[in-house]
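Let me begin by presenting the structure, written as structure tokens, before commenting on it.
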Amino acid sequence: MAKNTVLVTGASSGIGKAIAQYFARQGWNVAATMRNPDKEQELNKLANVKLYALDVTKTETIQAALEAINKDFGGIHAIVNNAGYGADGVFEAMSDDVIQRQFDTNVFGLMRVTREAIPYMRQQKGGTIIQIASMGGRLAFPLYSIYHGTKWAVEGFSEALMYELAPLGIKVKIVEPGAIKTEFYGRSREFVMRDDLTAYKEFVKKVEKVSMEAGDKGESPMVVAKTVFKAATDGSKKLRYPVGSPAPMLLWLRKLVPDSWWFGVVRSSYKI
């Protein structure tokens, strides 16, 4: 029996790399995509993993990668839209370039990959598209205004898309990680502030302390990889998969309590 094939975007580090490794260990063919596959030193050593150049901000690279992957493996059974990063900071300090770059990767890039993958899945009469969103796609925390904007967009887009793809046999799934120990809090983070915006100084100091502590205590990316595999293989119509403390608990709490209570919980947590 032919192996299933998964395409993972942003597979060079963090959650994306863990997903590629976990699917490979489960016997899947893995198309690990990234902007610079020549720099990858780990995934290229796994027998059933192939690397492909793909930049989610450039449609032509997406089309070329999909064509090559489909040719190499004879089908694409699951797509994991993982590529993304976090921009945080004071919104007043954010330029058009910062905002555009955040949305171009986290939203428009995900949409591009999804759109270009649909014809392949439609022709093969099935497949699963898995969007890596965040608990921050249904919750919001201070200083993450544009990041939350992108993840809330992914949630709404994916939920609506679920209805139109279901008759084609294509499932849409949303995985919502909590605090995960990755470079999201490190080198891939884009923090935005200006020296002249002194009015925000104390607020930023309080919020950043709590945010960085949450990142330090984050769970391994492998917990997300296991949940992504479950989403790809459980055969259910389930849409959302919260994973990684404190995502399941906070998302449950957010549904139960009024806005005023929730806002008080957030303000108390950040001491603001």
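The values are calculated or read from the model by the stated rules, or taken from the named source; none is laboratory data. All values reported here derive from a predicted model rather than from experimental measurement. When we count neighbours, we look across all protein chains shown, and the Cβ atoms used for this are built from the backbone with ideal geometry, even at glycine.
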Some residue of region 132-142 being part of a loop (DSSP other than H, G, I, E, B), in contact with a strand residue (DSSP E or B) (Cβ under 8 Å, 6 or more places away or on another chain) and either surrounded by fewer than 21 Cβ atoms within 10 Å (Cβ to Cβ) or at pLDDT below 95 (or both): yes
Region 17-61, subset of a type in the set (Gly, Ala, Ser), touching a Lys or Arg at 6+ places or on another chain (Cβ under 9 Å) and closer than 15 Å to His77 by Cα, residue surrounded by the fewest Cβ atoms within 10 Å (Cβ to Cβ): Gly27
Residues of region 108-162 satisfying the condition of being free of Cβ contacts under 8 Å to residues at least 24 places away in the same chain and basic (Lys, Arg): Arg115
Neighbours by Cβ (under 9 Å, 6+ apart or cross-chain): first from region 238-257, on the phi > 0 side of the Ramachandran plot; second of a type in the set (A, V, I, L, M) and part of a helix (DSSP H, G or I): Gly244/Met135; Gly244/Val223; Gly244/Val224
Set Asn36, Asn82: member being under 22 Å from Gly136 (Cα atoms) and among the polar types (S, T, N, Q): Asn82
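Table: residues versus (1) within 22 Å of the chain's Cα centre (by Cα); (2) loosely packed, with under 12 Cβ neighbours inside 10 Å; (3) at pLDDT 95 or above.
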residue	(1), (2), (3)
Gly218	yes, no, no
Val224	yes, no, yes
Pro242	yes, no, yes
Pro246	yes, no, no
Ser260	no, yes, yes
Phe263	no, no, yes
Arg267	no, yes, yes
Tabulated pairs, region 192-214, first without any contact (Cβ under 8 Å) to a residue 60 or more places away in the chain, second outside any strand (DSSP E or B), C-beta under 7 angstrom, 6+ apart or interchain: Met212/Tyr185; Ala214/Ala179
Pair list, Cβ under 6 Å, 6 or more apart: region 54-71 residue over 18 Å from Val30 (Cβ atoms) and at pLDDT 95 or above, other residue surrounded by 14 or more Cβ atoms within 10 Å (Cβ to Cβ) and of a type in the set (Ser, Thr, Tyr): Asp55/Thr61
Top-ranked residue of region 7-19 - restricted to ones that are of a type in the set (A, V, I, L, M, F, W, C) and within 15 Å of Ala53 (Cα to Cα), ranked as farthest from the chain's Cα centre (by Cα): Leu7
Residue ID - farthest from the chain's Cα centre (by Cα), chosen from residues in region 248-258 that are aliphatic (A, V, I, L, M) and either crowded, with 17+ Cβ neighbours inside 10 Å or assigned to a loop (DSSP other than H, G, I, E, B) (or both): Val257
Test: residue in region 97-111 that is farther than 22 Å from Ala140 by Cα, surrounded by fewer than 18 Cβ atoms within 10 Å (Cβ to Cβ) and of a type in the set (D, E, K, R): yes
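Here is a list: Glu164, Glu213, Glu208. Which entry is acidic (Asp, Glu) and within 26 Å of Thr128 (Cβ to Cβ)? Break it down stepwise before answering.
On the way: Glu213 fails: within 26 Å of Thr128 (Cβ to Cβ); Glu208 fails: within 26 Å of Thr128 (Cβ to Cβ).
After applying the criteria, what remains is Glu164.
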